[in-house]
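Chemist: If you scroll down you'll find the structure; I have some questions about it.
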Amino acid sequence: MSTSTRQSIEQDAITSALHAAADAMEPHLDAVAIAVADAVTSEIAEVAGDPETHEDIRRRTRMIDLRLIQALRHDERPEDVDPPPEAIGYVRAVARAGVPLSTLFRIQGVGFRVFMRAWDDRLGELGLREDVLLATARALTRYVFSYHDLQNVRLEEAYTRERDSWSRSAHAARQSAVGALLAGDVLDIAAAGRTLGYDVCRHHVALVLWARIGDGRTTVMPQLDAAACEIAGALGGARPLTLPAGAGLMWAWVGLDDAPGRSALEAIGGEPRDDRVSVAVGEPASGPAGFRQSHRDAADAAEVAMLGGRPPGSVSRFHDVELAALLVHDIDRARRFVLAHLGALASEDEEMARLRRTLMVFRDENGSRIATARRLDVHPNTVANRVRACREVLDRDLGSGQLELEIALRLASLLSLSVLRDGHE
């Protein structure tokens, strides 16, 4: 007998064994599908263990395994086998549910493992010669591995398409709902809340977050999202509602059962953030009107911070910049006010900045040179000299027009170069 004839006979024996195994496997598909559902719901924490989910996995698994059996029975090549509609449907469902692709592959891996064990059992029941059994097992393993890999590629493509489509539509719906809430045009608050996955009737602390795109990155949205979640946790809230509002800019709302105390809000400020994400924080407010008001506060605080040139990572609370926020939408008027009341003291140079800072602290400390010196870490005589210099520059008694002077100093501190006189004026 020639080698080619012997190989042909062996191949025929392997093919017959594969067909016989497929026939033997079909009556066990229900049991295999149940075993897969049991394993997936118990081993993968992200998959719910309720009866409805278990039944859905069982039903889809049976149809997917039946398609593989049919492909083996009809000698179809793995690359010619398209995923069954049940597999595509399941992938689309998990994509819309936000289940990560890595979790989907783990589900696939569990199903593959249980399926292969069942195949081994069926092959062992066929009474094949040892050499034919070994060759058939190898052929089956090659086939199923190839089938599994190709199916994963196609399912990943389906997942990506569905996730992209869903994300675009979900983002558009969320954007529309937020826009309507901010405009006060929402009649069905409950429906808006369902669209956003956020209870609009709670207490809110709105945030505006931004960062510069650089260092080879194409987006900073993950960093902004992480910062929003960190602040929400510090305030005692769950995951915040977030909405990208432009390149390097995000709006967020932290929902709370009760309004946060002043100390909790002060705690999220302090030193600049290490991640260089700048944050503006609105005042707490409740209900749909509070959703709007806190956001307007945060947006105004962000504008003050940007106009004032605050360093990356700064946290600006509306409570601390409210005065500047009153004029931030009319920066020309704010600048005229500062120049009118500070005169030459409103220049950009370092000496004038030092004098403004000293005068503002001196007024905060009710005219105490010692307290001012302590805060500025200078000698009390230095404070006296600087206050004297301010009086000479302003050419007036610092005891008159105190409210206007106070406002002008605050605006100069908060809005910086936007309201100061540059060196060419």
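The values are calculated or read from the model by the stated rules, or taken from the named source; none is laboratory data. On a predicted model such as this, the values are computed, not experimentally measured, just so you know. Cβ atoms come from the backbone with ideal geometry, glycine included; neighbour counts cover every protein chain shown.
Chemist: Check region 160-181 and report whether any residue there is among the small types (Gly, Ala, Ser), assigned to a loop (DSSP other than H, G, I, E, B) and farther than 30 Å from residue 83 by Cα.
Modeler: no
Chemist: Answer yes or no as to whether residue 280 is assigned to a helix (DSSP H, G or I), under 13 Å from residue 210 (Cβ atoms) and touching a residue at least 24 places away in the same chain (Cβ under 8 Å).
Modeler: Here the answer is no, as residue 280 does not meet what is asked.
Chemist: Another one. Looking at residue 189, is it more than 19 Å from residue 298 (Cβ to Cβ) and at pLDDT 90 or above?
Modeler: Yes, satisfied.
Chemist: Considering each residue of region 68-106, count those that are in a loop (DSSP other than H, G, I, E, B), within 21 Å of the chain's Cα centre (by Cα) and crowded, with 18+ Cβ neighbours inside 10 Å, and give that number.
Modeler: Residues that pass the stated criteria total 1.
To keep it simple, each residue is scored yes or no on (1) buried (at least 18 other Cβ atoms within 10 Å of the Cβ); (2) outside the structural domain of residue 251 (by TED's automatic domain parsing); (3) over 18 Å from residue 23 (Cβ atoms).
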| residue | (1), (2), (3) |
| --- | --- |
| 114 | yes, yes, yes |
| 127 | no, yes, no |
| 132 | no, yes, no |
| 161 | no, yes, yes |
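Chemist: Ok, one more. Looking at region 5-55, which of the residues that are of a type in the set (Val, Ile, Thr) and exposed (fewer than 13 other Cβ atoms within 10 Å of the Cβ) is farthest from residue 111 (Cα to Cα)?
Modeler: 5
Chemist: Inspect all residues belonging to region 106-128 and state whether any of them is over 26 Å from residue 26 (Cβ atoms) and modelled with pLDDT under 85.
Modeler: No: zero hits.
Chemist: In this structure, is residue 271 assigned by TED's automatic domain parsing to the domain that holds residue 211, surrounded by fewer than 17 Cβ atoms within 10 Å (Cβ to Cβ) and free of Cβ contacts under 8 Å to residues at least 60 places away in the same chain?
Modeler: So residue 271 fits the description; yes.
Chemist: Is it true that residue 37 is closer than 24 Å to residue 19 by Cα, aliphatic (A, V, I, L, M) and assigned to a helix (DSSP H, G or I)?
Modeler: When the stated conditions are applied, residue 37 does not pass them.
Chemist: Scanning region 294-336 for residues that are farther than 24 Å from residue 271 by Cβ and surrounded by fewer than 19 Cβ atoms within 10 Å (Cβ to Cβ), which turns out farthest from the chain's Cα centre (by Cα)?
Modeler: The extreme case among them is 336.
Chemist: Another one. So, in region 373-422, how many residues would count as being within 27 Å of residue 326 (Cβ to Cβ) and β-branched (Val, Ile, Thr)?
Modeler: 3
Chemist: Would you mention how many residues in region 242-255 are of a type in the set (A, V, I, L, M), modelled with pLDDT under 95 and either touching a strand residue (DSSP E or B) at 6+ places or on another chain (Cβ under 9 Å) or closer than 16 Å to residue 297 by Cβ (or both)?
Modeler: The number of residues fulfilling the criteria is 4.
Chemist: Still on this model: Quick one: which residue in 96, 73 is in the same structural domain as residue 120 (by TED's automatic domain parsing), charged (D, E, K, R), in contact with a helix residue (DSSP H, G or I) (Cβ under 7 Å, 6 or more places away or on another chain) and in contact (Cβ under 8 Å) with a residue 60 or more places away in the chain?
Modeler: 96
Chemist: Further question on the same structure: Based on what the data block shows, is residue 257 under 29 Å from residue 413 (Cα atoms) and charged (D, E, K, R)?
Modeler: no
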